[in-house]
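Note sheet for the following structure.
The values are calculated or read from the model by the stated rules, or taken from the named source; none is laboratory data. Only a predicted model underlies this, so the values are computations on that prediction, with no experimental measurement involved. Cβ: placed from backbone, ideal geometry, glycine included. Neighbour counts: every protein chain shown.
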Amino acid sequence: MCGIAGIYAYLDVAPPVDRAELRRMNDRMAARGPDGSRQWADASGRVGLAHRRLAIIDLSEGGAQPMQSADGRLTITFNGEIYNYRELRAELQAKGYKFNSESDTEVLLQLYADCGPAMVGRLRGMFAFGLWDGRSRQLLLARDPLGIKPLYWADDGWTLRFASQAKALLAGGAVSREPDPAGIVGFHLLGSVPEPFTVWRGIRALPAGTTMVVDAAGPGVPQRYHDVARALVERGSGAACDPAAARARIAAAVLESVRYHLVADVPVGVFLSAGLDSGALLGCMAQLGARDISALTLSFAEFKGANLDEAPLAAEVAARYGARHVVRTIDRAEFEHDLPAILDAMDLPTIDGINTWFVAKAAHEAGIKVALSGLGADECFGGYPSFVDVPRSVHWLRPFDWMPGVGTLARHGMSAAIAAGAGLHPKTAGLLEYGGSWAGAYLLRRSVYMPWELDELLDPALLQEGMRRLAPLGLIGGELCEGGSLGDFDRVATLETTLYMRNQLLRDADWAGMAHSVEIRVPYVDPFFLAALPPGNSLAATNAKEAVADIPEPPLPPASRNRSKTGFSTPVGRWLSEASGAPTSAIDLSAASRAWALRVWQAGWTGPAAAPVAP
Amino acid sequence: MAIRVLALVGDCYGARGGIARYNRDLFEALALGGTEIQVLPRLGDATGAVLPPGIRQQPAIAGRLRFSLAALWAAWRARPVDVVFCGHAYMAPLAWLLARLVGAHYWLQAHGADIWRDRPDSERRAIEAADQVTTVSRATRRILLGRTNLAPERVRVLPNTVGEQFMPGPPSAALRARLGLGDGPILLTVGRLASEERYKGHEQVFAAVPALRAIFPGLVHLVAGEGDDRARLQARAAELSPVPGSVRFLGFVPDEELPELYRLADLFVMPSSEEGFGIVYLEAAACGLRVVGGAGGGGGDAIPDARVGLIVDPLDQAALIDTIKRSLGQGRVDPAAIEPYRRPHFVTAARLLLARVKGRPCRKRGES
């Protein structure tokens, strides 16, 4: 887990790599890797790689990066963890490959030597890397299947630059801050910027589950090696199973995933809420023999003694599995104090990530470098209301999707009624226009603002160009391209996994965790784990979300199951709302999100560079 | 079997100008690798010209409809065609149609001025449908990416190249005598004198001449090139730099005489604001002549660093005068700075781009 950066002056006319620029890029990511900082450049000066290290596996100098193969042909800068590296290592050793270190990074080098870019399909873990092949003079950029680790690139037509953070590319000084209307519109619609866009025209995200080869003619088209919809179609082609068998498969899959996610040469902690997902992770960790587990829980001064306080129940779960329980209490003063640093660390605008910021901060204070998180469980077990709302909307409203103009007409009518004080949420107006298609219904469910509301927020020309290039319904629907035969559950799971989880939850976990030098591991976000689960319709019939409570031995306490889902059960929503100047009466989540989205955007993303906030 | 390319271009053989030269350089680079290229130009007369092996050029057809029909017929007859190359954005819809018709890949080349103004929707969509787009400069690429929904990895840059005839050498005393020049420094501008290309900045240089002559007595500004704006420019020169002979119009100078002219001059000055690439900057520098170019457009790509020259704001007259002052007397250009623009690099890059577009699956609707 680290920060990576690189520059490849691929066209002969391009000036050689500016090492000072590379250093500035790398320095912008200091928090990602406090344990070391290095640079490497090839003899021709045409390519340079940089790395900031947070040492987790092989803490010795043997794990330092950029790392070069023994023959000098391959050099890699890598961010992430490969959980099955020991198996891959043994396999490669059996083929005659020799290893000089105990690190997972060296496994990547040897695996590339063995099978080239196709190596990515063998990796179980989270990763983003740049690998330079000095023989073919090609740079391979790769990102993990579900998008846990970020990777951004900028290409001016002569030189390609990449980094773990978009802001690191800007910090180098050679990449323009010219705004990208598509990303800006995307943020205002969805509350996060959908990949491959960023809010800067010159910077793109390498999409999750793709690789990109850069040769002497520049970057090639990203090649997709993992598609969530296709993976769920394959899973769905297996036999359905009865609830008991489904529960057994869920249990085996979770336990196996947790086992893989414990691979580390430092202690692994867990972010523990009062919910089932993180409790089950802790239970599995204990059951698998993890020792000296630290469990971190956020508590809010406003909720002390109230039902919303997660700390008492989390304490019960922690005690049940013998974990050291750290409760960190946050109050509004701390939130306000941290806000400038939060906005500085925030790599792309987002309406979330505040909770992760504080829990990662608490982990850092407690000396924890690695923590498991229950992120992703709602996506795979159907924990969101969208698993019910979106299919219902599509099935009921599909006829309106076939009647052009009717939905738009209805929206105009309803918007007028809402403006006149009909007491409905503004998004309700789009029900008939959007609700009859999967993409439209999902947009309606997840959007912060709907497209027709944006003309009050954004410049008309920017909005028009942004909408044309973003094409939000095409972008959302595109995730289902390979999922023709998917059932309702898997369709929603695909959309939540590839859009909300990828563009918001995972990106936020990365910047907010990394800002405190804490590696967040997500056992529920793992294609091997997802493939091992029962088909979607079986998960839907099993109440999979609750089944996780019975996975550990002993199972989670009854109080955990009985606790009603409290949703956004932190005062952060109120703080955000107040910090953004919204009336305090508007505490409902949607209004808070809208106000907060505007506040975040006003922080100045595409204007002249602001001075970085001191850590 | 050889790769077959059908190329729709504005002009190529039998025509003057930077774009025609670029097309010739590109096709010759591809033909060297065994590719067969059939060129369909709108302008230019190559009658009697001996073209390099592998390249054939059809007679030019200026009329839009006749050209389109002839292109359709040529594409149909030329089957199988591997790649349809389109040398100008305004022909993109036709190129897209031809490529679909004969099942070929579609490669679009943008030069600069053709995409600097917003294109009609039909052209924009046809540009976006290209399997690969190449531009001569980073600036043109940036503008194109802003105007269209092309994924950045599909838009590659292939800068102009400069021929081996453009090499450093001693200044020709004979040429100096023939032109009747004294000992003063010589500023040189080479470019078409076209009313639609007034962005080249001739007048800014005329206006700078009197101030420069105060510091460099005998300084002369030579203007090479011809065009419909010449009479107007001559009148402007007489107004702005009234000393007779301080600005000299040489008319059209054939390619083969240009190197000698570059070697004779002391500074190449063209504060152009919209150059697509500015091949003349590169030619001048390849002959060792230091360059002052204009900011805006793609000119910066031909003047990559201070070893070659400096870039000024064309509207800042004081900066222009100061830059010329500083540049005169700084000696000749380091040949190593020009080496990456030489033909072997261009040939390698061009062939790599052909291999890329050829190896790429044809795009489906809706793909970015």
**OP:** Among the numbered conditions (1) surrounded by 22 or more Cβ atoms within 10 Å (Cβ to Cβ); (2) under 25 Å from the mean Cα position of the chain (by Cα), tell me where residue B:35 comes up short.
**Re:** (1)
**OP:** Determine which single condition residue B:105 fails, assuming it passes every other condition in (1) facing chain A (nearest Cβ under 9 Å); (2) over 26 Å from residue A:9 (Cβ atoms); (3) buried (at least 23 other Cβ atoms within 10 Å of the Cβ).
**Re:** (1)
Subject >> Residues within region A:205-240 that are within 13 Å of another protein chain (Cβ to nearest Cβ) and either farther than 14 Å from residue A:507 by Cβ or touching a His at 6+ places or on another chain (Cβ under 8 Å) (or both), tallied >> reply: 15
**OP:** State yes or no: is residue A:222 free of Cβ contacts under 8 Å to residues at least 40 places away in the same chain and under 23 Å from residue A:47 (Cα atoms)?
**Re:** yes
**OP:** Could you please give the count of residues in region A:12-70 that are in a loop (DSSP other than H, G, I, E, B) and of a type outside the set (Gly, Ala, Ser)?
**Re:** 18
**OP:** Name the one entry in B:263, B:343, B:356 that is more than 14 Å from chain A (Cβ to nearest Cβ), of a type in the set (Lys, Arg) and either surrounded by 15 or more Cβ atoms within 10 Å (Cβ to Cβ) or in contact with a His (Cβ under 7 Å, 6 or more places away or on another chain) (or both).
**Re:** B:263
Subject >> Residues (part of a strand (DSSP E or B) and not hydroxyl-bearing (Ser, Thr, Tyr)) located in region B:162-217 >> reply: B:162, B:186, B:187, B:188, B:190
**OP:** Return the residue satisfying two criteria in turn: it lies in region A:220-231 and is in contact with a Ser or Thr (Cβ under 6 Å, 6 or more places away or on another chain) and in a helix (DSSP H, G or I), and of such residues it is farthest from residue A:158 (Cα to Cα).
**Re:** A:229
Original post:
Only one residue in B:213, B:178 is more than 10 Å from chain A (Cβ to nearest Cβ) and modelled with pLDDT of 95 or more, so which one is that?
Top reply: B:213
Subject >> Spans of helices (runs of 4 or more DSSP H) in region A:420-505 with at least 2 residues touching a strand residue (DSSP E or B) at 6+ places or on another chain (Cβ under 8 Å) >> reply: none
Subject >> Residue list for region B:153-163, filter: more than 16 Å from residue B:280 (Cβ to Cβ) and under 17 Å from the mean Cα position of the chain (by Cα) >> reply: B:156, B:157, B:158
Original post:
In region A:367-399, which residues are β-branched (Val, Ile, Thr) and either surrounded by 21 or more Cβ atoms within 10 Å (Cβ to Cβ) or within 18 Å of the chain's Cα centre (by Cα) (or both)?
Top reply: A:368, A:370, A:390, A:394
Original post:
Could you say whether any residue in region A:415-430 is under 20 Å from residue A:390 (Cα atoms), at pLDDT below 90, of a type outside the set (Asp, Glu) and touching a Gly at 6+ places or on another chain (Cβ under 6 Å)?
Top reply: no
**OP:** Considering only residues that are of a type in the set (Gly, Ala, Ser) and under 30 Å from residue A:198 (Cβ atoms), look in region A:312-366 and name the one that is surrounded by the fewest Cβ atoms within 10 Å (Cβ to Cβ).
**Re:** A:341
Subject >> Residues (basic (Lys, Arg) and not in a helix (DSSP H, G or I)) located in region B:333-349 >> reply: B:342
Original post:
Do you know which of the residues in region A:31-45 that are out of contact with any His (no Cβ under 8 Å at 6 or more places or on another chain) and in contact (Cβ under 8 Å) with a residue 60 or more places away in the chain is nearest to the other protein chains (Cβ to nearest Cβ)?
Top reply: A:42
Original post:
Considering only region A:435-460, how many residues are within 21 Å of the chain's Cα centre (by Cα) and of a type in the set (Gly, Ala, Ser)?
Top reply: 2
Subject >> residue B:236 being surrounded by fewer than 16 Cβ atoms within 10 Å (Cβ to Cβ), in the same structural domain as residue B:262 (by TED's automatic domain parsing) and among the basic types (Lys, Arg) >> reply: no
Original post:
Got a number for residues in region B:285-311 being closer than 21 Å to residue B:241 by Cα and touching a Leu at 6+ places or on another chain (Cβ under 6 Å)?
Top reply: 1
Original post:
What tally of residues in region B:300-339 results from selecting those that are within 14 Å of another protein chain (Cβ to nearest Cβ) and surrounded by 18 or more Cβ atoms within 10 Å (Cβ to Cβ)?
Top reply: 8
Original post:
Within region B:127-170, how many residues are surrounded by fewer than 18 Cβ atoms within 10 Å (Cβ to Cβ) and touching a strand residue (DSSP E or B) at 6+ places or on another chain (Cβ under 9 Å)?
Top reply: 3
**OP:** Looking only at region B:139-160, decide whether some residue is more than 14 Å from chain A (Cβ to nearest Cβ) and part of a loop (DSSP other than H, G, I, E, B).
**Re:** no
Original post:
Do any helices (runs of 4 or more DSSP H) lying entirely in region A:82-191 carry at least 3 residues that are within 14 Å of chain B (Cβ to nearest Cβ) and modelled with pLDDT of 95 or more, and which ones are they?
Top reply: A:181-190
Subject >> Yes/no for residue A:73 being at pLDDT below 95 and more than 22 Å from residue A:526 (Cα to Cα) >> reply: no
